[in-house]
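Novice: The structure follows.
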Protein chains: 2
Amino acid sequence: MKVGYIQFKPTFGEKEKNLRRIVGFLKQGAEKQADLLVLPELCNSGYVFRSEEEVKKLSEEVPEGQTTRALAGFAEEENLYIVAGLSERRDQRFFNSAVLVGPDGSTAVYRKAHLFNEEKLWFSEGPDPFRVYRTSNARIGMMICFDWIFPEVIRVLALEGAQIVCHPSNLVLPYCQKALLGAAIQNRVFIVTANRI
Amino acid sequence: MKVGYIQFKPTFGEKEKNLRRIVGFLKQGAEKQADLLVLPELCNSGYVFRSEEEVKKLSEEVPEGQTTRALAGFAEEENLYIVAGLSERRDQRFFNSAVLVGPDGSTAVYRKAHLFNEEKLWFSEGPDPFRVYRTSNARIGMMICFDWIFPEVIRVLALEGAQIVCHPSNLVLPYCQKALLGAAIQNRVFIVTANRI
């Protein structure tokens, strides 16, 4: 199984442009025979929201929204899995979410449980349990950025059977990159952090 | 508060010699005004047991044994705390234990829960919960070597209020030194690993 991660700097607010770049990066991953590609947190919108208006404008429903549809189409076409962070609108609320799309047309979503700093102004806390999804090659869990600092997240995913923890991120604090080496060993999982750089 | 750790290579089986060296190292720590000094796993006996005979001969009762008495006397004299690993005899069983001795004459003991490899030939698994002890300067927890790889150990100690996790070790695998950086951040504790070197 071949896993890749895509790190880049989305341009805030320019969803169409970001999505074009994302598809370009995904193509590079597909050419390298990746089975799974992980993208950063809020990778289609950018991270630094400054108003509720922006959140409303840049959020999408899952799986009906443009970004999820584009990613799902690509996953089907190229026979691979993609995990990507995006701003989700659902029942008048907004979530900092990650989607997992696969070649069978399935879509799973994880909503960030541990919001960081100003994210609390814009997003609701994810209410769902930490779940593991069986793909054709591996059992995959998702967490988003700041979730990492709560050891229960990776631990629960590992105990639920995850082999790979996909970790879309927009890291603000400087600790994660070194810190997760230990968490991966303690929990016997691979962790794929895809950071906005 | 000043914390020190003492790393050295005990000579297997030579308890008197090791204890003399340990007291010499402790004196250096005391001269530097340490409030807490941490020693390696099985620091008075050495680590590589090859027979039950050796385990019987080198184990001591706590707190009555020679090593604990010597450490406790030093702690009282120098007004500091010491955590040290030793082989404990208790009710016809043997434990890979750590003692915490303090200036008030108190002794606490932790018995290693997660025995590594051949340790299982010689020692019983520690049956006690992970406890935190209030010293004059900080709340202290103990774990021994391989315990580190189970994230629940540090997490439970942290949730029980530990500020410092003392970690007498004889590290065999190469992961711990880097891995615990993350566990310390995730759990917001200081971890003092004192390794046999």
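Novice: Mind counting the residues in the stretch A:154-192 that are open to solvent by less than 50 Å² (accessible area, probe 1.4 Å) and closer than 19 Å to A:ILE6 by Cα?
Specialist: 12
Novice: Could I ask something else about it? What about B:THR135, is it more than 15 Å from the chain's Cα centre (by Cα) and either open to solvent by 20 Å² or more (accessible area, probe 1.4 Å) or more than 9 Å from chain A (Cβ to nearest Cβ) (or both)?
Specialist: So B:THR135 passes the test.
Novice: In the stretch B:1-17, how many are surrounded by 15 or more Cβ atoms within 10 Å (Cβ to Cβ) and either over 15 Å from the mean Cα position of the chain (by Cα) or farther than 19 Å from B:GLU54 by Cβ (or both)?
Specialist: Result for the stretch B:1-17: 10.
Novice: How many residues does the stretch B:36-51 hold that are over 16 Å from the mean Cα position of the chain (by Cα) and either open to solvent by less than 10 Å² (accessible area, probe 1.4 Å) or touching a residue at least 40 places away in the same chain (Cβ under 8 Å) (or both)?
Specialist: Final tally of qualifying residues: 1.
Novice: Would you confirm whether any residue within the stretch B:123-137 is of a type in the set (A, V, I, L, M) and either in contact with a Phe, Trp or Tyr (Cβ under 8 Å, 6 or more places away or on another chain) or part of a helix (DSSP H, G or I) (or both)?
Specialist: no
Novice: Right, another one. Among the residues of the stretch B:67-90, count how many are touching a strand residue (DSSP E or B) at 6+ places or on another chain (Cβ under 7 Å) and open to solvent by 70 Å² or more (accessible area, probe 1.4 Å).
Specialist: Summing the residues that are touching a strand residue (DSSP E or B) at 6+ places or on another chain (Cβ under 7 Å) and open to solvent by 70 Å² or more (accessible area, probe 1.4 Å) in the stretch B:67-90 gives 1.
Novice: Oh, and also: In the stretch B:144-197, what residues are among the aromatic types (Phe, Trp, Tyr), in a helix (DSSP H, G or I) and facing chain A (nearest Cβ under 9 Å)?
Specialist: Scanning the stretch B:144-197 gives a single hit, B:TRP148.
Novice: Separate question: Mind checking which residues of the stretch A:91-122 are closer than 23 Å to A:LYS56 by Cβ, open to solvent by 50 Å² or more (accessible area, probe 1.4 Å) and part of a loop (DSSP other than H, G, I, E, B)?
Specialist: Across the stretch A:91-122, the qualifying residues are A:ASP91, A:GLN92, A:ASN117, A:GLU118.
The values are calculated or read from the model by the stated rules, or taken from the named source; none is laboratory data. Note that the structure is predicted; figures quoted are calculated from it, not measured. As a convention, Cβ positions derive from the backbone with ideal geometry for all residues, glycine included, and neighbour counts pool all protein chains shown. What goes into the accessible areas is simple: the full protein's heavy atoms, side chains included, and nothing from ligands, DNA or RNA. Shrake-Rupley method; radii C 1.70, N 1.55, O 1.52, S 1.80 Å.
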